[in-house]
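For reference, the structure discussed in these notes is given below.
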Amino acid sequence: MARAEQSHLDSVDGPWFVDTRCIACDSARHWAPGLTGTDAEGRSFVIRQPVSRQEEAAMWRAAAACPTRSIGNRQQLREPQGIFPYQLTDGVYALGNNAMASFAAHSFLVTRSQGNLMIDSPRFSRPLAEEVDGLGGVAHVLLTHRDDVADAERWMNRYDARVWIDRAEAFAAPFATDVTSFKVNGNGAGNPGYEITEIAPGVTSIPAPGHTEGHVVYHVDNRHLFTGDTLHWNHRREELDVLQGQTFFGWHILADTMMRLAELPVEWVFPGHGMWHRVGFKEWPARMVELASAMSDLGQEGWSTRTGAAYYWF
């Protein structure tokens with residue numbers, strides 16, 4: 001629960017506030033961009049109180065997504081029903097309830113007649129689970145990498161779901177039912193041995209190393225790409241971007257990954273960190289080739305010259 005006594009001093013007067021336990025994860029600005037802002041350290045505060053039903057709902061979504069539960073309302077302590085899952089496009093829902101255990105990453109639900117997919121794990125909560133029940137439960141929990149496991153085991157147990165993760169990340173989810181595997185030569189000079197795994201008709205796990213060795217992305221119905229910590233939409237610069245400071249397995253390997261992903265048909269990108277975005281089938285290849293080329297030309301150390309300024313997680 002948000003702590004009113006620790007309310008950020010820059011928050012405007014009114015029922016909504018953000019406390020100073022905020023970890024600068026940017027989820028508040030994703031859900032309530034015109035209502036929340038950031039201080040010099042990237043922490044959120046309320047810049048304007050909501051004035052409509054839609055804005056009030058946006059603040060409740062920001063509060064429900066906040067991993068530190070730092071967003072609160074002095075007049076109403078309990079959030080209304082139906083805040084999450086929240087439909088982003090046909091058949092794709094944001095689950096909110098971002099978990100500290102997954103570094104505040106987003107997670108998603110895809111509803112399909114062959115069985116629903118949960119991509120990465122939100123915090124487990126009974127209200128969210130009851131909403132997911134109403135959408136048909138979960139057949140597969142798809143984990144992009146070691147960081148975003150969170151409460152996946154609890155979701156698996158509730159629905160008797162299969163859990164997928166790559167072998168290099170499997171130590172973080174020893175309960176996984178399905179472990180994929182691929183090889184990488186590790187030098188960024190072309191990566192033989194990659195294998196795409198079919199999880200269900202229209203659903204594939206695609207190796208995407210760079211952030212971590214066994215990171216994968218999930219391609220669904222030849223239009224939706226769930227990218228974990230590999231790729232996101234930078235809403236400040238309005239372009240596809242990568243997390244410079246979170247690339248641990250290899251910058252040039254990540255650049256190679258971007259170039260390979262450019263070959264996929266993609267309409268929407270749904271990241272673990274950063275903003276989701278409808279890129280569009282036509283724009284996708286050119287944007288990705290441009291991104292990969294810039295990454296190779298500038299290198300990891302030079303990437304800040306492209307961004308113009310450092311920013312926090314996203």
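Which residue, of ARG236, ARG223, is at pLDDT 95 or above and either under 17 Å from the mean Cα position of the chain (by Cα) or open to solvent by 40 Å² or more (accessible area, probe 1.4 Å) (or both)? Before the answer, list the steps.
On the way: ARG236 fails: at pLDDT 95 or above.
The conditions single out ARG223.
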Q: Return the total of residues in the stretch 248-286 being of a type in the set (A, V, I, L, M), open to solvent by 10 Å² or more (accessible area, probe 1.4 Å) and under 14 Å from the mean Cα position of the chain (by Cα).
A: 1
Q. Within the stretch 1-24, can you find the residues that are part of a loop (DSSP other than H, G, I, E, B), out of contact with any Ser or Thr (no Cβ under 8 Å at 6 or more places or on another chain) and open to solvent by less than 60 Å² (accessible area, probe 1.4 Å)?
A. SER11, VAL12, GLY14, PRO15
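Name the residue, out of HIS252, HIS219, that is closer than 21 Å to PHE281 by Cα and in contact (Cβ under 8 Å) with a residue 12 or more places away in the chain. Let's see the steps before the verdict.
Working: HIS252 fails: closer than 21 Å to PHE281 by Cα.
None of the other options fit; the residue is HIS219.
Which one is surrounded by the fewest Cβ atoms within 10 Å (Cβ to Cβ), of the residues in the stretch 40-52 that are over 20 Å from the mean Cα position of the chain (by Cα) and in a loop (DSSP other than H, G, I, E, B)? Spell out how you get there, then give the answer.
Narrowing the stretch 40-52 to residues over 20 Å from the mean Cα position of the chain (by Cα): 40-41, 45-52.
Within this subset, residues satisfying the condition of being in a loop (DSSP other than H, G, I, E, B) are 40-41, 47-52.
Working: ALA40: 5, GLU41: 9, ILE47: 15, ARG48: 14, GLN49: 16, PRO50: 20, VAL51: 9, SER52: 8.
Across the stretch 40-52, the extreme among qualifying residues is ALA40.
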Q | Whichever residue in the stretch 185-211 is open to solvent by 50 Å² or more (accessible area, probe 1.4 Å) and among the aliphatic types (A, V, I, L, M) and, among such residues, is modelled with the highest pLDDT | A | ILE196
Q. Applying the selection to the stretch 173-184, what residues are outside any strand (DSSP E or B), among the β-branched types (Val, Ile, Thr) and at pLDDT 95 or above?
A. THR177
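The values are calculated or read from the model by the stated rules, or taken from the named source; none is laboratory data. Remember, predicted model here, so these are calculated numbers, not experimental data. Reconstructed Cβ throughout: ideal geometry from the backbone, glycine too, with neighbour counts over all protein chains shown. The area values use the complete protein model at the heavy-atom level, side chains included, leaving out ligands, DNA and RNA. Shrake-Rupley method; radii C 1.70, N 1.55, O 1.52, S 1.80 Å.
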